[in-house]
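These notes concern the structure reproduced below.
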Amino acid sequence: MTLDAETQMQFLYALRRHGVTDPKVLTAMEKVDRGRFVQGLFANRAYEDRPLPIPCGQTISQPSVVGLMTQALDVQPRDKVLEIGTGSGYQAAILSHLARRVYSVERHRELSRAARETTDQLGLVNVTIITSDGTKGLPDQAPFDRILVTAAPEDPPQVLLDQLAPDGIMVLPVGQSGAVQSLIKAQKTADGIEYTEICDVRFVPLVEGIA
């Protein structure tokens with residue numbers, strides 16, 4: 001399915017209707033064709049505002065949730081960003097248009113390989129995709145100005161909070177698998193971590209190890 005003007009307009013309208021209003025985020029999402037990240041049976045549904053299955057039992061998040069998470073992350077042009085859970089690579093591609101550098105960690109080798117091929121084809125030279133255990137973060141590249149987690153732990157992982165730079169922001173879903181989870185924003189301040197709840201979400205659980 002190709003992205004025509006009417007489909008593009010409907011796509012952006014759905015984002016705004018769900019609260020994605022930051023012009024920088026909308027522009028970045030307009031630049032990234034979600035259809036490049038959805039294959040097979042679900043390719044013709046790539047521009048619907050819904051999560052869709054991808055290999056390895058994972059999902060590509062619905063665009064409005066991607067937009068809300070990106071908006072809450074408040075990425076600045078000089079930021080170094082860590083994403084935990086590459087999946088299809090869609091979120092990393094959007095972040096690439098907002099940040100100086102994006103590191104994305106995926107535990108499934110098949111997903112990281114496919115996402116790397118797609119981001120390479122799109123010429124996103126500031127994205128590095130690594131097959132690794134996301135629960136450990138990426139200590140060799142820390143600290144990060146922004147961290148985005150696309151799978152849900154039961155509590156914000158201390159190991160990831162420790163990899164945040166001063167004044168850094170982490171956005172992640174928190175809660176038990178199979179239940180409604182809370183999307184939260186955690187900001188590192190001089191006095192500790194300040195938490196803000198954004199909305200209810202459902203994400204796959206954050207799992208240790210490499211698959």
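The values are calculated or read from the model by the stated rules, or taken from the named source; none is laboratory data. As the structure is a computational prediction, the values presented were derived from the model and not from experiment. Cβ atoms come from the backbone with ideal geometry, glycine included; neighbour counts cover every protein chain shown.
Given the criterion over 25 Å from residue 173 (Cβ atoms) and of a type in the set (Val, Ile, Thr), identify the matching residue among 7, 21, 59. Break it down stepwise before answering.
Details: 21 fails: over 25 Å from residue 173 (Cβ atoms); 59 fails: over 25 Å from residue 173 (Cβ atoms).
Answer to the check: 7.
Which residues, counting only those in the range 122-149, are in contact (Cβ under 8 Å) with a residue 40 or more places away in the chain and out of contact with any strand residue (DSSP E or B) (no Cβ under 9 Å at 6 or more places or on another chain)? Within the range 122-149, 122 is the sole residue that qualifies. Residues of the range 2-47 that are among the hydroxyl-bearing types (Ser, Thr, Tyr) and in a loop (DSSP other than H, G, I, E, B): 2, 21, 47. When residue 205 is tested against the conditions (1) more than 19 Å from residue 68 (Cβ to Cβ); (2) modelled with pLDDT of 95 or more; (3) not small (Gly, Ala, Ser), the lone failure is (2).
Anything in the range 8-19 that is more than 24 Å from residue 58 (Cα to Cα) and either modelled with pLDDT of 95 or more or surrounded by 15 or more Cβ atoms within 10 Å (Cβ to Cβ) (or both)? List them, or say none.
Kept after step one, since they are more than 24 Å from residue 58 (Cα to Cα), are these residues of the range 8-19: 8-10, 12-13, 16-17, 19.
Residues satisfying the conditions are 12, 16, 17, 19.
Only one residue in 200, 145, 120, 155 is among the charged types (D, E, K, R), part of a strand (DSSP E or B) and loosely packed, with under 14 Cβ neighbours inside 10 Å. Which one?
Working: 145 fails: loosely packed, with under 14 Cβ neighbours inside 10 Å; 120 fails: part of a strand (DSSP E or B); 155 fails: part of a strand (DSSP E or B).
Criteria check complete, one pass: 200.
Of the strands (runs of 3 or more DSSP E) lying entirely inside the range 48-109, those containing at least 1 residues that are surrounded by fewer than 20 Cβ atoms within 10 Å (Cβ to Cβ) and of a type outside the set (D, E, K, R) are 52-54, 58-60.
Has the range 172-189 got at least one residue that is surrounded by 20 or more Cβ atoms within 10 Å (Cβ to Cβ) and outside any strand (DSSP E or B)? Taking every residue of the range 172-189 in turn, at least one turns out to be surrounded by 20 or more Cβ atoms within 10 Å (Cβ to Cβ) and outside any strand (DSSP E or B).
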